[in-house]
Amino acid sequence: MKLSAAVLCALVSVQAAVLLLATVPSAQAKELEVGYYSKKCKGVENVVKWHVIRALKANRRTGAALVRLLFHDCFVRGCDGSVLLDASSDNPHPEKKAPVNIGLAAFELLEEIKAAVEKRCPGVVSCSDILIYAARDAASALSNGHVHFDVPAGRLDGFVSKAEEAQAELPDSTHDVQQLIDNFARKNFTVEELVILTGAHSIGQGHCSSFRGRLSEPSSQITPAYRDLLNYKCSQGSDPPVDNNVRDEDYGVVARFTPGFTSRVRKIPDFLDNSFYHNNLAKIVTFHSDWTLLTHKEAFGHVVEYRDNGTLWDEDFSDSLLKLSKLPMPAGSKGEIRKKCSVVNHRLY
């Protein structure tokens, strides 16, 4: 029987796809290890760090964006770089399009790092590992070296990225404390670790749409002067970003609305430390999910604990970031080493 050229091409395409699927490694096939690239791509961590430090010198805000990306990637489908994927005709709604992921940034920096690493070691280092390295280095830089940990590597980049999964899996800024506890418990994180990781809100920014309800909460939940400050900031645009930490605000704005906090204002923003806990107990935090930690006995105790011991928070935050970075992809997932972080190498469907 003779086959048309079109049929032959289709058969070849199917066979190629089957062969590709057979050769794509399982993401669960190997254990992560510190120094994974010591022989595979010598010096890769130094390459990542150089780019991160250079980026932070140009714009310190990039560091907070990298730390946030680590959480928003790993909490959905494990640490697989799925949050880095752009929309495509095959997948018009990837994770980064989810409302809960509003304001995610630093994607261009990660592509820059990936290009440099590919030039050095083609097809060896995953985007997911690069993201973890970069976030670790950013956290270290923003904390003056107080937050640090060795990164076990060997991750693969995933193929799946869905906005609806991100929206369902990530904690929301409007959640009450029990919703947060349940959300973190699904990822095997304790109440204490929830409080520890929330301490990252000492840096970065949030959009007004993420705390709109906070603007009308009673004085028992938010200091009225700070509420007035937030209302003023949110009136400056349709959905402007606002600093998470009052000390990173413009001095004139703080002097106008909360003059008692002018001594906290810093010329250099985004210093990663335990100031979130001081702010929360003073009820000058942006998100409802921040304040709600004070309504739970155990969580409240940890807020007080980390307010009083910044060194302990540095150590515990480092450990919690490390634990976060080890969250695995779903069982049976396949992965690859992407050539670019924003697109998969091959279409599997």
* Residue by residue through region 306-328, note down the ones that are open to solvent by 70 Å² or more (accessible area, probe 1.4 Å) and over 28 Å from Lys96 (Cα atoms). => Arg307, Asp308, Thr311, Glu315
* Structure fact -> Only one of (1) buried (at least 17 other Cβ atoms within 10 Å of the Cβ); (2) within 16 Å of the chain's Cα centre (by Cα); (3) outside any helix (DSSP H, G or I) does not apply to Gly103, and that is (1)
* To do: Please verify whether region 257-280 includes one or more residues that are in contact with a strand residue (DSSP E or B) (Cβ under 6 Å, 6 or more places away or on another chain) and either closer than 30 Å to Cys234 by Cα or not hydrophobic (A, V, I, L, M, F, W, C) (or both).
  => no
* Asked: Wholly within region 158-238, which helices (runs of 4 or more DSSP H) include no fewer than the required count, namely at least 3 residues that are open to solvent by 40 Å² or more (accessible area, probe 1.4 Å)?
  -> 163-169, 177-185, 224-234
* Could you tell me whether region 329-345 includes any residue that is closer than 24 Å to Leu180 by Cα and either out of contact with any Pro (no Cβ under 8 Å at 6 or more places or on another chain) or surrounded by fewer than 17 Cβ atoms within 10 Å (Cβ to Cβ) (or both)? => yes
* To do: Taking Arg77 as meeting all but one of (1) at positive phi; (2) open to solvent by 10 Å² or more (accessible area, probe 1.4 Å); (3) touching a Leu at 6+ places or on another chain (Cβ under 6 Å), write down the number of the exception.
  => (3)
* In the list Leu215, Leu194, Leu170, Leu180, which residue meets the criterion of being over 30 Å from Ile337 (Cβ atoms), touching a Phe, Trp or Tyr at 6+ places or on another chain (Cβ under 6 Å) and not acidic (Asp, Glu)? -> Leu194
* Asked: Which members of region 282-306 meet the condition of being closer than 18 Å to Thr223 by Cα and basic (Lys, Arg)?
  -> Lys283
* To do: Run His93 past the list (1) over 29 Å from Asn183 (Cβ atoms); (2) assigned to a loop (DSSP other than H, G, I, E, B); (3) at pLDDT 90 or above and report the number of the one that doesn't hold.
  => (1)
* Asked: So Gly301 fits all but one of (1) surrounded by 15 or more Cβ atoms within 10 Å (Cβ to Cβ); (2) assigned to a helix (DSSP H, G or I); what number is the exception?
  -> (1)
* **Selection from region 266-296 of residues that are assigned to a loop (DSSP other than H, G, I, E, B), modelled with pLDDT of 95 or more and either open to solvent by 50 Å² or more (accessible area, probe 1.4 Å) or on the phi < 0 side of the Ramachandran plot (or both)** => Phe271, Leu272, Asp273, Asn274, Ala282, Lys283, Ile284, Val285, Thr286, Phe287, His296
* **Residue check for Asn245: surrounded by 22 or more Cβ atoms within 10 Å (Cβ to Cβ) and either within 22 Å of the chain's Cα centre (by Cα) or not assigned by the TED database to the domain that holds Val100 (or both)** => yes
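Take the conditions in contact (Cβ under 8 Å) with a residue 40 or more places away in the chain, more than 30 Å from Phe300 (Cα to Cα) and out of contact with any Pro (no Cβ under 8 Å at 6 or more places or on another chain) and apply them to Asp176. Does it pass? Give the derivation first.
Details: in contact (Cβ under 8 Å) with a residue 40 or more places away in the chain: yes; more than 30 Å from Phe300 (Cα to Cα): no; out of contact with any Pro (no Cβ under 8 Å at 6 or more places or on another chain): yes.
Answer is no for this residue.
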* Structure fact -> Ala6 meets each of (1) among the hydrophobic types (A, V, I, L, M, F, W, C); (2) modelled with pLDDT of 95 or more; (3) open to solvent by 60 Å² or more (accessible area, probe 1.4 Å); (4) farther than 26 Å from Lys334 by Cβ with one exception, condition (2)
* **Within region 137-157, considering residues that are part of a helix (DSSP H, G or I) and not charged (D, E, K, R), the one surrounded by the fewest Cβ atoms within 10 Å (Cβ to Cβ)** => Ser140
* Asked: Considering region 29-61 alone, what residues qualify as being under 21 Å from the mean Cα position of the chain (by Cα), farther than 20 Å from Phe149 by Cβ and surrounded by fewer than 22 Cβ atoms within 10 Å (Cβ to Cβ)?
  -> Arg54, Lys57, Ala58, Asn59, Arg60, Arg61
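The values are calculated or read from the model by the stated rules, or taken from the named source; none is laboratory data. Just so it is clear, the structure is predicted and the values come from calculations on it, not from any experiment. Positions of Cβ are generated from backbone atoms using ideal geometry, with glycine treated the same way; all protein chains shown enter the neighbour counts. Heavy atoms of the whole protein, side chains included, go into the accessibility calculation; ligands, DNA and RNA do not. Shrake-Rupley method; radii C 1.70, N 1.55, O 1.52, S 1.80 Å.
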